[in-house]
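*Asks:* Here it is, the structure, as C-alpha cells.
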Amino acid sequence: MRLTYALPLAGAATLASFAAHAETITVATVNNNDMIIMQGLTDEFEKAHPDIDLEWVVLEENVLRQRLTTDIATDGGQFDVMTIGTYEVPIWAKQDWLVELDDLPESYNEQDLLKPIRDGLSQDGSLYALPFYGESSMMYYRTDLFEQAGIEMPEQPTWEQVEDWASQINDPDNGVYGICLRGKPGWGENMAFVSTLVNTFGGRWFDEEWHPEINSPEWKEAVGFYVDLMNNYGPPGATSNGFNENQALFSSGKCGMWVDATSAAGRLYNPDESQVADKLGFAPAPIAETPKGANWLWSWTLAIPASSDAKDAARTFITWATSQDYIELVGETEGWTSVPPGTRESTYENPKYQEAAPFADFVLNAIQTADPTDSTLKPSPYIGVQTVNIPEFQAVGTQVGQMIGAALAGQQSVDAALDQAQRSVDRTMRQAGYYD
Amino acid sequence: MNPTMTKKLLLTLLAWGIALIVFFPIFWMVLTGFKTEGEAVATPPSLFFEPTLAGYHEVMARADYLKFALNSIVISFGSTLLALIVAIPSAYSMAFLPTKRTRGTLLWMLSTKMLPPVGVLMPVYLLFRDMGLLDSQLGLTIVYMLMNLPIVVWMLYTFFKDIPKDILEAGRMDGAGTLQEVLYLLLPLTLPGIASTGLLSVILSWNEAFWSLNLTTSDAAPLTAFIASFSSPEGLFWAKLSAASTLAIAPILIFGWLTQKQMVRGLTFGAVK
C-alpha cells in the first residue's frame, strides 16, 4: 500500500527536478547567522531574477563539509552553489573541481574585494570563489575590569603582558576568569588559535622540505605558555570550549580577555545577545617574538562546482550575494552591524557602517595584516596562516589538536604531547609521499 | 514493614528512578524548545520561565517542516513494507525448512550490520549517481530496506520458530498450499511479532541520519536533515534546535505511544516458554 504511492511519488520528484533544472539552483550553505540572513533574502533575489529559483540546503559546518566533499569528489552534481572556506578553495581549484570566475561584470567591482581575501581565493590570477564574509582574529577585553586594575591597553599588546593582566583580573571566586581561549580539539577549533600562537612565537608547521617541526623549541615554548596560562587563569574544563562556548562565557561576563574571531564583534556589541556590550574593548591579537601570523585569516565563500548544470544561473546568484548592493540591502533591512564583514573595502568606507560598528577599523586592520603567503618567521613551503593548505591538514591538524587537548587537560606533559604529535604527523607526511 | 514490602518498595523506586533518567533528556528538550535562546544557555538552568513560541516560529519560517515530515513518513514506512515483503518468505524457509547452512547464513546476515556505513559511502554514492537515485525517496527507501533487513529477518525467524510445526502440518493435511499456510496460519499467529518487528524497523529508519544526510539534498530530505540544519558552531541555537527536534520526534512519539501495546506484546512474545 505505502509502496504503491511511494514509488510514483519518488518518480514524480525526479521528473520535477529534471523539468525545473533550467532555473532552479541548489545552494548548499552553513547555518551561521550571515547565511541565514542570506536565505531570508531569497524573495529579494527571486524578485530581481524571476527566471531563477533558489533551493536551500542548510547544514552545520562539519556535516556540510563532509556532504560537499563526497559530492564534489564523485562528480555527483547535486549542488550548483557551494559554501566553502579559504582552506578548500585552492585545493579544490587545483583539482579542477571549481568553475573559474573570470570576466565578472564590471558592476561587481572585483578590485573592491580586500586583497588578502582575494589572493587566498585566486589561482594563477583568476578567482575560483567569491567571498561572502571574512574574518581574522583579535582580542576582546573588559574595559571595566581593566580600569579597576589600572591597566591601560597599548596599541599592540604582547602575550607577556596578557599573562600579567590575566593574573591581575583573575577572580574565580566571583566567577571571573583572567582569560578564555579555545581548548576544544579540532583543526578548525583549538588549532586555529594554537597555530597563530606558534607563528608569533617564531615556530612553523613544516620546514622547507615538508618535515614537521611540532616538537621544536618554539612549539614547546608556545604550547607550554598556552597550557600554563589556561591552567592558572582560564575557566575550568577549557578542553570543551570552542568558539561558541567561549562566546557564551565572554558575553555573560565570565572572562576578562578573549582572543578569537573578529566575527564575534557584532554579537558581543549587541546588547540583546551580550551582557558586556557596554564595557567591551578591542585590541589586535597579542604578539610574542614576531608579529607575523599572529592573527588568522578565514573567509566563507561561494563557489560553483564544475559538476553543476546551471552554471550561469549560479554565477548570477553568487555575484548578487557577494556584491556591494547586497551588503547595502542587508544594512538597510537588518541593520548595519549585521552586514557580512571582511570582504569589501567599500563596507569599511561606508559612514553608516563606521557609525554602527566601532570595531570596524580593528577588523579591517586585522584582515589586512594577515598574509597567508608569509605567516611564519622562518620560511615555510605552505600557504595559510592558521592552516596549511594541503589536503592532509584536516587529519594532521585534528591529531595534533587532540594531543594538545590532552596536555591542556593534564593527561600528559606538553613535551610528551608534542613529541607524540611530531611522530604522528611525520608518519602521515611520509605516507602521503612528501618525503621518503 | 515486612521484608517483601520493603523489597517491593525499593523495586518501585528503582523503576521510577530509571524511567525518570531515561525520560529526562526528552523532557528537557521539550522544555528548552519553549525558552528564548538566552534562557536556553543560562547557568544555572531555569526550570520556571515564561514560555515562548519564538523558537518554533523561527524554525517554521526557515524550513518547510511538512515536506521533511512527509519524506520521513514515506521513506520509513515504505522501507519497512519492502523489508517485510522480502523477509517473511526468507524467515519462513529458515524456520521451517532449515538446512545445514541456515545458522551460518543468519550470522552472516547479521555481520553486515558490523560494517561502518561510511566504509561503503563512496561506492553507494557512485551507484546512486549513475542510477539517478541521489536525492530521491526511492533511493533512500531501498537503502533503509537493506539496512534493516538483517534485523527484520532475525526477529521474524525467532517468532516463526516458536510456532509448532504441527499446526502448519495440520493445515497441509486439510489441503492448504504454502501460500495459504503462510497467509491463513502463520501470519495471524505471529501478528504481534510481525507488528513489533515492523515498528522497530520504522523507528530505526525514522532515526537514521548518516545515509539520509549523505544521499539527499532537498527533494527527498527527511526530518533528520531538518534537525541537522539547526545546530551551529556560531551563535546561540539551543532553543531552535530543541524546537526542531521536538517537531521531528513528535510524529514517531505519538505513533509509538498509540502502538505501545503491540510493541510490548511483540517484544515479550515467546519470552516465557
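Coordinate-derived values only; no laboratory data. Keep in mind that this is a model prediction, so the values were computed, not measured. In this analysis, Cβ positions are derived from the backbone assuming ideal geometry, glycine residues included, and neighbour counts consider all displayed protein chains.
*Asks:* Exposure proxy check: B:Leu107, A:Leu98 ranked by fewest other beta carbons within 10 Å?
*Replies:* Placing the least packed residue first, the sequence is B:Leu107, A:Leu98.
*Asks:* Sort B:Trp206, B:Trp257, B:Trp154 so that the residue with the fewest other Cβ atoms within 10 Å of its own Cβ comes first and the one with the most comes last.
*Replies:* Arranged by neighbour count, lowest to highest, B:Trp206, B:Trp257, B:Trp154 become B:Trp257, B:Trp154, B:Trp206.
*Asks:* Taking the Cα atoms of the stretch A:237-321 alone, what are Rg (to one decimal) and Dmax (as a whole number) in Å?
*Replies:* Reported Rg and Dmax, both Å: 18.4, 51.
*Asks:* By counting other Cβ atoms within 10 Å of each Cβ, how are A:Leu364, A:Leu68, B:Leu127 ranked from fewest to most?
*Replies:* B:Leu127, A:Leu364, A:Leu68
*Asks:* Taking the Cβ of A:Glu328 as the centre, find all other residues whose Cβ is under 12 Å away and add up their charges (Lys, Arg: +1; Asp, Glu: -1).
*Replies:* Local net charge: -2.
*Asks:* Compute log10 of I(q)/I(0) for the stretch B:57-268 with the Debye formula, placing one identical point scatterer on every Cα and leaving out solvent, at q = 0.15 Å⁻¹, to two decimals.
*Replies:* For the stretch B:57-268 at q = 0.15 Å⁻¹, log10 I(q)/I(0) is -1.02.
*Asks:* Which whole-Hz couplings ³J(HN,Hα) result when phi for each residue of the stretch B:97-107 is put into the Karplus expression 6.51 cos²θ - 1.76 cosθ + 1.60, θ = phi - 60°, listed in order with x for Gly and Pro?
*Replies:* 10, x, 10, 5, 8, 4, 4, x, 4, 4, 5
*Asks:* Taking the alpha-carbon distance from A:Lys352 and a cut-off under 24 Å, which lysines remain once sequence neighbours fewer than 8 residues away in the same chain are dropped?
*Replies:* Cα-Cα hits under 24 Å: A:Lys115, A:Lys279.
*Asks:* Using Cα centres only, tell me the gap between the stretch A:25-44 and the stretch A:371-401 in whole Å.
*Replies:* Cα centroid of the stretch A:25-44 versus Cα centroid of the stretch A:371-401: 30 Å apart.
*Asks:* Hey, could you pull the Cα Rg and Dmax for the protein assembly as shown, both in Å?
*Replies:* Radius of gyration, then largest Cα-Cα span, for the protein assembly as shown: 29.1, 100 Å.
*Asks:* Lys and Arg at +1, Asp and Glu at -1: add these up for the other residues within a Cβ distance under 12 Å of A:Phe193 and post the number.
*Replies:* Cβ neighbours under 12 Å give a net charge of 0.
*Asks:* Moving on to the next point. Compute the relative contact order of the stretch B:57-268 as a whole-number percentage, counting only Cα pairs closer than 8 Å that sit 6 or more residues apart in sequence.
*Replies:* Once normalised by length, the contact order is 33 percent.
*Asks:* Using Cα-Cα distances under 8 Å and only pairs 6 or more residues apart, what relative contact order does chain A have, in percent?
*Replies:* Relative CO of chain A lands at 25 percent.
*Asks:* Another question about this same structure. For the stretch B:6-84 and the stretch B:178-213, what is the separation of their Cα centres, given in Å?
*Replies:* 26
*Asks:* Of A:Asp361, A:Asp426, A:Asp272, which is the most mobile in a GNM of chain A whose springs link Cα atoms less than 10 angstrom apart?
*Replies:* It is A:Asp272.
*Asks:* Could you tell me the number of lysine pairs in the stretch B:57-268 with C-alpha atoms less than 29 Å from each other, where the two lysines are 8 or more residues apart or belong to different chains?
*Replies:* Final tally of qualifying lysine pairs is 8.
*Asks:* Further question: Run the reach check for A:Lys184 against lysines, Cα to Cα strictly under 22 Å, same-chain hits fewer than 8 apart removed. What comes back?
*Replies:* A:Lys220, A:Lys254
*Asks:* Between beta-carbons, use under 13 Å as the cut-off and find the net charge around A:Gln354, counting Lys and Arg +1, Asp and Glu -1.
*Replies:* Summing Lys and Arg as +1 and Asp and Glu as -1 gives -3.
*Asks:* Mind giving me the FRET efficiency for A:Ala409 and B:Ile85? R0 is 41 Å, r the Cβ-Cβ distance, nearest 0.05 is fine.
*Replies:* 0.20
*Asks:* Run down the aspartates and glutamates and flag those whose C-alpha is under 18 Å from the C-alpha of A:Lys292, throwing out any fewer than 8 positions away in its chain.
*Replies:* Answer for A:Lys292, where 18 Å is the Cα cut-off: A:Asp119, A:Glu135, A:Glu155, A:Glu160, A:Asp207, A:Glu208, A:Glu213, A:Glu218, A:Glu221, A:Asp260, A:Asp371, A:Asp374, listed by chain and number.
*Asks:* When only C-alpha pairs under 8 Å and at least 6 residues apart count, what is the relative contact order of the stretch A:198-351, in percent?
*Replies:* 18
*Asks:* If one computes the Cα centroid of the stretch A:283-356 and of the stretch A:213-236, what distance in Å separates the two points?
*Replies:* So the two Cα centres are separated by 33 Å.
*Asks:* Using a basic spin-label model with each label point 7 Å from the Cα along Cα→Cβ, how many nm lie between A:Thr158 and A:Asp112?
*Replies:* Taking the two extended label points, one gets 4.2 nm.
*Asks:* What three numbers, in Å, describe the spread of the alpha carbons of the stretch B:178-249 along their principal axes, ordered from the longest?
*Replies:* Here the spans come out as 61, 24, 16 Å, largest first.
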